[in-house]
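The structure appears below as structure tokens.
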Amino acid sequence: MPEIGKLLETGDPWEPYQLLDPFGRPVEPVAVYFKDLMAGDYSPLTPRSYGMDLLRWWRFLWVFGIEWDRAAREDARDFTLWMKLGDKPVRVHWRHRGKDPSEIPPPQTGRPAPGTPNPVTGKPTVGAKYAPGTRAHFETVLRTFYDWHLENNSGALLVNPFPLDRSRRCGKRRSNGQGERANAHHNPMDEFKKERKGRYRPTVPERIPRRIPEDKYTEVFAGLRSHRDRALLAFWVSNGARAEELLSPKQGDAKVGQQTIGVIRKGTREYQELPANRDAFVWLRLYQEEAWKKGVPRGRAQPLWWTLRRPWRPLEYDAARMMFTRANALLGANWTLHDLRHTATFLMLDDPLMPPVYVQHILGHKYLSTLDIYNRPTRDDVITAGLAHHARQEQKKKLPPAQPSPSYNPESLSILFGGPST
């Protein structure tokens, strides 16, 4: 698929992202849809997430000369098949963009093949195909995008090219033979059931949370280059905040006396104070004293985390992610920042004096049942238990054979059960 058009970050809070066509003009159907998203209770990053999926779809339409409001279900089917079978585009590093292909150095050798498990963590590496979660996300985005335009009578739309799969709803059927919509009789007191809604929506395997072993975490921590990075990791692994949430505090939000740090929650955008261990605040103070001597802005309303070099800029998620990736590379591992959140959750749930409802509040989950995924044994726990089982079986083989128990005296049995006397 040719990489024509782009998703532009404008910096305008009223219209943070624009989808541009190959000639640099905004795509009007997407622009009005983004305005509706911004008016609703959505994160400012939602247009970016939706825009990436809409950009893939528009590139498909541009290549085949299909108008967006005349796309048929056959077009949606073909696009879904391409997402399922085609390879993801190979992205060129920004340092090599615009260069002749012969000038670009070959990729590094010795790395695991795409999709194979990492030898250190056991997690699969990023595959060459689009993941089921990515395909499920684009199906939801495009289906809701076309539903919105159908409700507003936009363009020449007659049907949604990404329909609901009525035949897979439930056992009940309407008089016209079609199945009911998902959660048609939902009890508001219960959680929503996870039902397959879209006809072209794939089944997404449930992700198993992974914790970083203590010895490996120590090695990653030792590979960090600055007090700032050590403080960040210490906070992530102690309070379970999401990566982008921990980058939101101001300097006044880190309250050393109360041993808490205030963050802005990702979904609700609410302010919440989270507890953290003492080591995190020690590393934070070392980082701040070092940064202030270099000239980093100081003040309660100033951001807490800054870049390490001039010009001073607030630390962003991509820079923090690359910092952790470099530390991972020393071990040949592929843990992510979100694995630090999982590690913190495991540590809190392993404490018998820590009620799970408090863990739920610290993590910012809406339902307590979300913690059920942490009750499953991890890969390392299963392997350790299996090896211990085989070791016990080997020990049994080395034991001397059991002696048979002595038999009963026949005369005693005759007296007990009243047998014939001799």
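The values are calculated or read from the model by the stated rules, or taken from the named source; none is laboratory data. Just so you know, these numbers come straight off a predicted model, no measurement behind them. Methodologically, a virtual Cβ is constructed for each residue, glycine included, from the backbone with ideal geometry; neighbour enumeration extends over all protein chains shown. Protein only, heavy atoms only, side chains kept; ligands, DNA and RNA dropped before computing areas. Shrake-Rupley method; radii C 1.70, N 1.55, O 1.52, S 1.80 Å.
A compact table of results
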read-out: Helices (runs of 4 or more DSSP H) enclosed by the stretch 140-252 - at least 3 residues per element that are open to solvent by 50 Å² or more (accessible area, probe 1.4 Å), at pLDDT below 80 and closer than 30 Å to PHE60 by Cβ; value: none
read-out: Matching residues in the stretch 30-45 - criterion: being in contact with a Gly (Cβ under 9 Å, 6 or more places away or on another chain) and open to solvent by 20 Å² or more (accessible area, probe 1.4 Å); value: SER43
read-out: Filter result for TRP312 (open to solvent by less than 60 Å² (accessible area, probe 1.4 Å), in contact with a strand residue (DSSP E or B) (Cβ under 6 Å, 6 or more places away or on another chain) and over 26 Å from LYS216 (Cα atoms)); value: yes
read-out: Residue in the stretch 408-416 that is in contact with a helix residue (DSSP H, G or I) (Cβ under 7 Å, 6 or more places away or on another chain) and polar (S, T, N, Q) present; value: no
read-out: Residue that is nearest to GLN272 (Cα to Cα) [pool: residues in the stretch 316-341 that are out of contact with any helix residue (DSSP H, G or I) (no Cβ under 8 Å at 6 or more places or on another chain) and either part of a helix (DSSP H, G or I) or open to solvent by less than 70 Å² (accessible area, probe 1.4 Å) (or both)]; value: ASP339
read-out: Lone unmet requirement of (1) touching a Gly at 6+ places or on another chain (Cβ under 9 Å); (2) on the phi > 0 side of the Ramachandran plot for GLY65; value: (1)
read-out: Tally of residues being of a type in the set (A, V, I, L, M, F, W, C) and open to solvent by less than 40 Å² (accessible area, probe 1.4 Å) across the stretch 67-92; value: 6
read-out: Residue in the stretch 292-314 that is in contact (Cβ under 8 Å) with a residue 60 or more places away in the chain, part of a helix (DSSP H, G or I) and not acidic (Asp, Glu) present; value: no
read-out: Failed item, numbered, when TYR358 is tested on (1) more than 18 Å from PRO209 (Cα to Cα); (2) in contact (Cβ under 8 Å) with a residue 60 or more places away in the chain; (3) of a type in the set (Ser, Thr, Tyr); value: (2)
read-out: Pair list, Cβ under 9 Å, 6 or more apart: the stretch 260-273 residue free of Cβ contacts under 8 Å to residues at least 12 places away in the same chain, other residue of a type in the set (Val, Ile, Thr) and surrounded by 15 or more Cβ atoms within 10 Å (Cβ to Cβ); value: GLU270/ILE264; TYR271/VAL263; TYR271/ILE264
read-out: Which numbered condition THR268 misses (of (1) surrounded by fewer than 13 Cβ atoms within 10 Å (Cβ to Cβ); (2) among the hydroxyl-bearing types (Ser, Thr, Tyr); (3) touching a helix residue (DSSP H, G or I) at 6+ places or on another chain (Cβ under 9 Å)); value: (3)
